[in-house]
Amino acid sequence: MKKYIVPTVVLVLVATVIFIRYEIMAPARAAAGDLEAINKITVGKTTEAELLARSAFQKMGLQCSMGFCFYYTVRANHFLRNLGLAPNTFFGTRVGVRDGLVTQVSVYISNGKRPPLSFSQQMPLPEGCSSNLCVKPAILPTKTLASIMVLFNNESEFRNRMPETIETACLSRLHGCKTYDELTPFARELNLDAVAALK
């Protein structure tokens with residue numbers, strides 16, 4: 001009987017390690033898949049039928065109101081957060097549809113350390129924005145920075161680079177990602193830390 005104890009213990013330990021690794025890595029993998037799903041979508045041109053031809057959209061959440069619908073995903077680092085090994089980190093995507101056409105494509109991430117960050121393809125852009133990446137801080141009446149929005153239109157090549165917007169590994173990293181440099185590869189190019197310092 002004793003000869004079976006060691007292999008059994010080893011098997012349990014290996015299974016536990018595999019389970020823990022899966023739970024830690026799952027949200028990052030899912031988020032990476034979400035970004036691939038919303039890549040190469042063009043506001044004002046891509047139809048809802050074309051969205052639904054992508055298998056990922058057949059599994060997404062869907063909400064509709066007043067003729068407007070949006071497909072969405074939400075991911076979070078529940079396992080690491082519950083163990084106290086990382087701050088709450090939330091990631092999501094959202095694709096808006098009206099009258100059969102895509103009206104907006106957005107991705108966001110919030111880590112509890114910095115104001116939430118979002119990238120959004122939309123038309124029209126706010127005054128002062130061009131087809132290139134346009135950084136718009138959302139300031140509350142209290143002059144507190146609520147979030148940072150990075151906007152671009154349907155002519156921007158950036159619509160084909162959605163998998164590059166967010167560092168999805170932040171969802172599975174011990175202690176999370178604390179700076180914009182860690183959250184997005186575009187932080188330095190867009191000078192996001194300087195924008196955050198304006199709050």
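What follows draws every value from the coordinates through simple rules; no lab data is involved. It should be emphasised that the depicted structure is a prediction, and the values quoted were computed from it without experimental measurement. No Cβ is skipped: glycine too gets one built from the backbone with ideal geometry, and neighbour counts run over all protein chains shown.
The table below gives the values:
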{"item": "For volume of the Cα convex hull per residue in Å³, calculated from these coordinates, the label among (1) 157; (2) 125; (3) 187", "result": "(1)"}
{"item": "Two-site FRET efficiency, SER130 against GLN58, from Cβ-Cβ distance with R₀ of 25 Å, rounded to 0.05", "result": "0.10"}
{"item": "Extended-chain gain in nm, criterion 0.36 nm per residue less alpha-carbon gap, CYS69 and LEU174", "result": "34.2 nm"}
{"item": "Nearest-20 debye value, the chain charge dipole, Cβ charges on Lys, Arg, Asp, Glu", "result": "780 debye"}
{"item": "Helix 5-37 vs. the chain, principal-axis angle (Cα, 0 to 90°, nearest 10)", "result": "10 degrees"}
{"item": "Simple spin-label estimate for MET123 and ALA197 in nanometres, 7 Å along Cα-Cβ", "result": "3.8 nm"}
{"item": "Alpha-carbon centroids, segment 139-157 and segment 57-131: separation in whole Å", "result": "13 Å"}
{"item": "Estimated 222 nm signal from helices in the chain, with DSSP H stretches of n ≥ 4 weighted -39500 (n - 2.57), rounded to 500", "result": "-8000 deg cm²/dmol"}
{"item": "Rel. contact order, % - alpha carbon contacts under 8 angstrom, at least six apart, segment 14-88", "result": "28 percent"}
{"item": "Cβ-derived FRET efficiency at R0 25 Å, THR144 paired with ARG81, nearest 0.05", "result": "0.55"}
